[in-house]
Amino acid sequence: MHDDEAMGRLLRDAMAGEAPQLSPAFDARVMRRVRPRRLTPMGRVVIAVYVVVAVAAAAWLMRDLRMESIAAAVAAGALIAAGTSAYVRRLAAGH
Amino acid sequence: MRRYREPVFRLAVSILGQEFAPEAEDVAQDVMLRLHHALGSFRGESSVGSWIYRIAFNQALNVKARARYRAPHLSEKALATAPSRDLGPHDQLQDERRRQAVLACVGELPEVYQSALRLHYWLGASVGEIAEMLDAPENTVKSYLHRARRLLQALLAERGFDAR
């Protein structure tokens, strides 16, 4: 027991020193990574143009198809888009 | 989430050691981000605590392995200049050499002992706090501390130092 106490004192002396602290910028750095990223105005314009062009191209390509085929194609497209989006979100979250 | 940032940092720095506080902060940041993404999947507060400390412990060990490769750990440096009883009797010098020997020997203990010792003697954590961080019962932590001191005493004795 005596040796144990002496060892404790020795450890306290050897490790004496200021304990490190988290830097003041820590919270801001974490919040920057956590906050969802917003598109820039230019990014929004690009996305909007892409959507308009994609819808116009799809409508033109499917102009001669029957209504059932168009509905099936739209449903399949939506499923693939939802699956891909979920997968990319998981990847971004680091799972 | 905020209540865990300080303990996670302390746990990381207790594993990485005094020289690697910036790396410990990176570990804490990484763990906080993982916690943020996983928050929805926890059932209760207790499962968050043990999960987060386990992640922090493993993450810090990975960083330590890489950091050790980049810059030799204190224990290796100290080993290269192993203290000898033959050098001068100056008390201050002897104290400093003993201090260096203690720190070097701590670096040779099993990781969980190193962490418990640094948390307790350097960062001033209580046995209860250490038990929470290491996800172990308080009696186990007391046993870690006791065994770590005994091992340390033996390692110091091999180098010609005693605890008194």
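Laboratory data are not the source of any read-out in this text; all were calculated from the coordinates shown. Not measured: the values here are computed from a predicted model. Because the Cβ atoms are built from the backbone with ideal geometry, glycine has one as well, and the counts that use them run over all protein chains shown.
Å³ per residue of the Cα convex hull, for the range A:55-95? Kindly include the intermediate steps, with their values, before the conclusion.
On the way: hull volume 2.3 nm³, N = 41.
Given the Cα convex hull of the range A:55-95, per-residue volume reads 56 Å³.
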Taking N as the residue count of the protein assembly as shown, its alpha carbon Rg divided by 2.2 N^0.38 Å gives 1.51
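Based on the Cβ-Cβ distance from residue B:47 to residue A:54, what FRET efficiency comes out when R0 is 30 Å, to the nearest 0.05?
Numbers: r = 44 Å, r/R0 = 1.46.
In this case the efficiency is close to 0.10.
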Pair residue B:99, residue A:40: separation of 7 Å Cα→Cβ label points (nm)
5.2 nm
Alpha-carbon Debye profile of chain A, log10 I(q)/I(0) at 0.10, 0.18 Å⁻¹:
-0.60, -1.05
Once fully extended, how much extra length lies between residue A:91 and residue A:75, figured as 0.36 nm per residue of separation less the alpha-carbon to alpha-carbon distance?
3.3 nm
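Give the Kirkwood hydrodynamic radius (Å, one decimal) of the range B:2-70, defined as one over the mean of 1/r across all pairs of different Cα atoms.
Values: mean 1/r = 0.0829 Å⁻¹.
One over the average 1/r among Cα pairs gives 12.1 Å for the range B:2-70.
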Size of electric dipole in the range A:2-93: Cβ of Lys, Arg +1 and of Asp, Glu -1, about Cα centre, debye, nearest 20:
780 debye
What full-extension length gain, to one decimal in nm, is calculated for residue B:108 and residue B:142 as 0.36 nm per residue of separation minus the Cα-Cα distance?
10.3 nm
Can you give the angle from 0 to 90° between the axis of helix A:2-14 and the longest principal axis of chain A, with both taken from C-alpha atoms, to the nearest 10?
60 degrees
With each run of n ≥ 4 DSSP H residues scored as -39500 (n - 2.57), what mean residue ellipticity at 222 nm is computed for the protein assembly as shown after dividing by its residue count and rounding to the nearest 500 deg cm²/dmol?
-24000 deg cm²/dmol
Would you give the gap between the C-alpha center of the range B:2-38 and the C-alpha center of the range B:103-164, rounded to a whole Å?
20 Å
